[in-house]
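The values are calculated or read from the model by the stated rules, or taken from the named source; none is laboratory data. Remember, predicted model here, so these are calculated numbers, not experimental data. Positions of Cβ are backbone-derived with ideal geometry, glycine not excepted, and every protein chain shown enters the neighbour counts.
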Amino acid sequence: MRKLIGTAALALAASAMVATPVLAQEQKKSNTRQVLGRLLDTVLGPEEKEEAAAEAAATEGQQLGSLQQVLADDRRDEDRARDKYRHPAETLAFFQVEPGMTVAEYGPGGGWYTRVLAPYIAPEGRYVALTGDTEMRTFRDADQEAEARAWPSTFPAAAAETTGVAADRISAFETDEVPEALAGSIDRVLIFRSMHGLWNANMADSELKNIHSMLADDGMVGVVQHRAPANASYADVNPARGYMRQSDVIKLFELHGFELVGSSEINANPKDPANWEGGVWTLPPVLRYGEANRDAYLAIGESDRMTLLFKKAD
């Protein structure tokens with residue numbers, strides 16, 4: 001009986017440790033280990049306690065190790081130079097992303113974060129790629145429209161080639177066509193550097209509404225967005241240049257039924273004045289002006305960015 005109870009306690013304690021973000025604050029780790037110790041003191045003898053604690057700690061270590069392995073994978077050789085600007089491990093920890101979750105990435109674009117998320121999530125959970133409702137979008141020509149409409153069916157195979165994750169472990173949908181079985185079950189929706197695009201395309205309202213409906217009750221939305229100075233006027237810095245004021249992004253989410261859980265300076269860059277005439281694309285990785293002032297832009301690095309976490313409002 002003691003062994004059975006001990007196993008249950010171990011499972012509970014280990015799950016508590018796994019629930020802590022992989023690079024969470026040390027205080028949270030300390031609190032979790034104190035809870036584990038109290039549980040083990042109650043139901044296990046000294047030898048069993050030592051064995052169970054080691055097993056739970058190993059579970060926490062494996063989670064951290066798996067993410068570091070993903071980040072070190074050869075497939076990311078061309079991506080890794082941007083880690084110092086995008087801080088993927090710290091960012092995913094702040095967003096409380098863990099293996100086994102159902103995680104949706106909005107607008108994966110070139111797949112930089114896809115090559116982190118899919119290998120990290122898909123072995124135990126589910127990676128979902130999202131794009132906006134094509135009925136709400138304006139296209140350059142018929143070929144671009146055809147490509148956009150085909151994207152949900154072509155993305156899984158294309159992502160499989162660059163991530164090493166089987167295509168049947170990757171899903172892709174327009175936000176208004178998420179299957180009913182998946183709606184209300186997504187643990188995290190992550191939006192990397194796309195809010196200005198939604199604003200400029202007049203799609204922010206409809207897309208946030210769709211995202212709200214697909215989230216689980218305890219699901220959350222993580223946002224990384226190019227940040228304008230807090231005191232910038234709309235005429236000086238606006239979404240057309242890729243930057244948004246942090247207060248505006250927070251208000252936008254609040255208007256659509258979300259509550260701010262927290263903000264982080266993980267992806268801040270105080271070197272970026274965020275007032276470029278050519279917009280955020282002046283800086284790397286785009287380097288809009290080619291060789292002109294290239295060294296100066298490289299010395300600044302990628303844009304200053306807000307990092308925000310939201311949940312459904314009560």
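Checked against (1) free of Cβ contacts under 8 Å to residues at least 60 places away in the same chain; (2) over 21 Å from Ala201 (Cα atoms); (3) touching a helix residue (DSSP H, G or I) at 6+ places or on another chain (Cβ under 7 Å); (4) aliphatic (A, V, I, L, M), Val249 meets all criteria but (2). Among the residues that make up the range 265-276, is at least one of them free of Cβ contacts under 8 Å to residues at least 24 places away in the same chain and surrounded by fewer than 17 Cβ atoms within 10 Å (Cβ to Cβ)? No, because not a single residue in the range 265-276 is free of Cβ contacts under 8 Å to residues at least 24 places away in the same chain and surrounded by fewer than 17 Cβ atoms within 10 Å (Cβ to Cβ). For the range 133-142, the criterion of a residue being polar (S, T, N, Q), surrounded by 17 or more Cβ atoms within 10 Å (Cβ to Cβ) and in contact with a strand residue (DSSP E or B) (Cβ under 7 Å, 6 or more places away or on another chain) is satisfied by no position. Among the residues making up the range 157-192, those that are charged (D, E, K, R) and within 20 Å of Leu92 (Cβ to Cβ) are Arg169, Asp187, Arg188. For the range 175-191, a residue qualifies if it is modelled with pLDDT of 95 or more and over 19 Å from the mean Cα position of the chain (by Cα), but none of them does.
Run down Ala232, Ala228 and say which single residue is within 18 Å of Tyr243 (Cα to Cα) and either in contact with a Cys (Cβ under 9 Å, 6 or more places away or on another chain) or surrounded by fewer than 24 Cβ atoms within 10 Å (Cβ to Cβ) (or both). Spell out how you get there, then give the answer.
Values: Ala228 fails: either in contact with a Cys (Cβ under 9 Å, 6 or more places away or on another chain) or surrounded by fewer than 24 Cβ atoms within 10 Å (Cβ to Cβ) (or both).
After applying the criteria, what remains is Ala232.
Residue-by-condition table, conditions (1) surrounded by 15 or more Cβ atoms within 10 Å (Cβ to Cβ); (2) at pLDDT 90 or above; (3) assigned by TED's automatic domain parsing to the domain that holds Asp304; (4) aromatic (Phe, Trp, Tyr):
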residue	(1), (2), (3), (4)
Tyr106	yes, yes, yes, yes
Pro156	yes, yes, yes, no
Asp168	no, yes, yes, no
Phe173	yes, yes, yes, yes
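Answer yes or no as to whether Thr282 is farther than 30 Å from His256 by Cβ and among the hydroxyl-bearing types (Ser, Thr, Tyr). Even if it seems obvious, please write down each step before you answer.
Details: farther than 30 Å from His256 by Cβ: yes; among the hydroxyl-bearing types (Ser, Thr, Tyr): yes.
The answer is yes for Thr282.
When the residues of the range 74-90 are filtered to those that are in contact with a Gly (Cβ under 9 Å, 6 or more places away or on another chain) and within 15 Å of Ser303 (Cα to Cα), the one that is surrounded by the fewest Cβ atoms within 10 Å (Cβ to Cβ) is Lys84.
Kindly establish whether Pro239 is touching a residue at least 24 places away in the same chain (Cβ under 8 Å) and either closer than 27 Å to Thr114 by Cβ or among the small types (Gly, Ala, Ser) (or both). If you could, list the steps in order and put the result at the bottom.
Working: touching a residue at least 24 places away in the same chain (Cβ under 8 Å): yes; either closer than 27 Å to Thr114 by Cβ or among the small types (Gly, Ala, Ser) (or both): yes.
Taking the combined requirement at face value, the residue satisfies it.
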